[in-house]
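The values are calculated or read from the model by the stated rules, or taken from the named source; none is laboratory data. Here the structure is a predicted model, which is why all the values come from computation and not from measurement. Glycine also receives a Cβ, built like all others from the backbone with ideal geometry; neighbour counts cover every protein chain displayed. Each accessible area value is taken on the protein alone, full model and side chains, heavy atoms only, with ligands, DNA and RNA left out. Shrake-Rupley method; radii C 1.70, N 1.55, O 1.52, S 1.80 Å.
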Amino acid sequence: MPRVLLLAATTGYQTRAFGDAAERLGVDLVYATDRCNVLDDPWQDRAIPVRFGDEAGSMTILDALRNRAVDGVLAVGDRPSVLAAQVSAALGLRWHSVDGATASRNKQMMRERLQAAGLPVPWFLPVPLSSNPRRLGVSFPCVVKPVGLSGSRGVMRANDADDLVAAFYRLRAILQSPDIRAERNADHGLVLVEGFIPGAEFAVEGILDEGVLHVLAVFDKPDPLDGPFFEETIYVTPSSVSRETERAMTDAVARAAEAIGLEHGPIHAECRVNGSVVYVLEVAARPIGGLCARALRFEGVGRPPISLEELLLRHALGESPADWTRETAASGAMMIPIPRRGVLRDVAGLDEARSVPGVFDVRITAKTDQVLVPLPEGASYLGFIFARAGTSTEVEHALRVAHARLAFAIDPEVPMLQSSNG
């Protein structure tokens, strides 16, 4: 039985999907997850305990694999991508290089490599977290973002000096919060201030196969991402842009991946198109995050459709992605935004949302009584809506109608009161 090592967060949404795909393929999936090594298999998944914040120490993963031959490696999420590269190099397996995975996780390094390769980049200024934002002397509008966090967490637009000061101190508070400090990541001591790029935003999902990019999907993001925060909501594919623009995006992503140093494995890229200029905002050494991969299915000649997770497992075991193409139907996902901070009490309208033509699933991933934290401080969504139809326009309509039928009961947080006796 072929064996694949999957490095993933303990509670990652995609972990179960990879497990299902591995079972269908007859693959022995070995988990390495970010957890305490003292607890005795609390999730009953026989996972190897690692610490993504301690990559040197976590290389003891190799000791656990000493008598278990591994045929491929995959990583879910930004944090385990560097460790996956280190393990792959040690085992002699094809994967992204350690250098490339490290650069893909650091926004400053990524900007520097794209600039050195002659790709369009906004002006950017890395500054220590301890800096005085009133003395930066930058132009506006600009964007303040963490160097080492993924997604849109901590990313804010500033239109003037007062906005910049407020955004900088707000980001400082985020980076000094206990959950971020627990990562012990030196990148969290830096802030990147860069020029705001107007234009539409897109995502490109792909697989690098020995340096050659195989594009799996190009997603439109129909909701404008102009700030003050940059919360992603709807992804739909195929894209509505012209073939020339789509080709320009995928060519730019291929050049960016090469400049960053990514070589072999899944990538997820974000682009902005301003007129005829394509700005590659990032290329991550991982697949699309969360449950959004459920919006993708792939077809091969004479074969039943497969999921993205199965396609990635096949590639990790040496199969070329060239034999698979995305299904002909349009599809998409909505990451349900958190409207306000508070405690989730109830979700109504699920049956009504699921009955919308084109919608094939609605998943609420937030738990009852969970404290919801929106962006820029937050790092999660209420859940996901998925749709499939004949056109991208129909998919987008179905997602919006389904979302409108959901109602979330969110109570204000009750602050903990300290007694007079201390």
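At a glance:
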{"item": "Unit charges on C-beta of K, R, D, E only; dipole of the range 228-314, Debye", "result": "220"}
{"item": "Listed residues Pro146, Val98, Pro304: farthest to the positive end of the dipole of the chain (Cβ charges)", "result": "Pro146"}
{"item": "Spin-label pair Ala379/Asp346, simplified geometry with 7 Å Cα→Cβ offset, distance in nm", "result": "3.2"}
{"item": "Cα gyration tensor category, rounded, prolate or oblate, for the range 189-236 with a/c compared to 1.5", "result": "oblate"}
{"item": "Extension gain, Arg134 back to Asp71 (0.36 nm per residue minus Cα-Cα distance, nm)", "result": "17.4 nm"}
{"item": "Positive-pole candidate from Ala116, Phe18, Ile180, dipole of the chain, charges at beta carbon", "result": "Ile180"}
{"item": "Selection from Ser81, Leu344, Ala293 lying farthest towards where the dipole of the chain points positive, charges on Cβ", "result": "Leu344"}
{"item": "The range 120-174: chymotrypsin sites (Phe, Trp or Tyr not before Pro) in DSSP loop, at most 16 other beta carbons within 10 Å", "result": "Trp123"}
{"item": "Per-pair calculated FRET efficiency, R0 = 30 Å: Ser242 and Gln115 via Cβ, rounded to 0.05", "result": "0.65"}
{"item": "Percent carbon-and-sulfur accessible area, the chain, ignoring ligands, DNA and RNA, probe 1.4 Å", "result": "50"}
{"item": "Peptides ranked, highest mean first, by Cβ atoms within 10 Å: ranges 390-397, 113-120", "result": "390-397, 113-120"}
{"item": "Rounded accessible area per residue of the chain, 1.4 Å, Å²", "result": "45"}
{"item": "For Ala161, net neighbour charge (Lys/Arg +1, Asp/Glu -1) across residues whose Cβ lies under 12 Å away", "result": "-1"}
{"item": "Dipole magnitude of the range 111-189 about its Cα centre (Cβ charges: Lys, Arg +1; Asp, Glu -1), debye to nearest 20", "result": "100"}
{"item": "Net lengthening on full extension, Thr328/Arg181 (0.36 nm per residue, minus Cα-Cα)", "result": "48.4 nm"}
{"item": "Most to least packed among 94-101, 323-330, 374-381 [average Cβ atoms within 10 Å]", "result": "94-101, 374-381, 323-330"}
{"item": "Value of [θ]222 nm, deg cm²/dmol, for the chain, DSSP H segments ≥ 4, -39500 (n - 2.57) each, nearest 500", "result": "-7500 deg cm²/dmol"}
{"item": "Dipole magnitude of the range 302-422 about its Cα centre (Cβ charges: Lys, Arg +1; Asp, Glu -1), debye to nearest 20", "result": "120"}
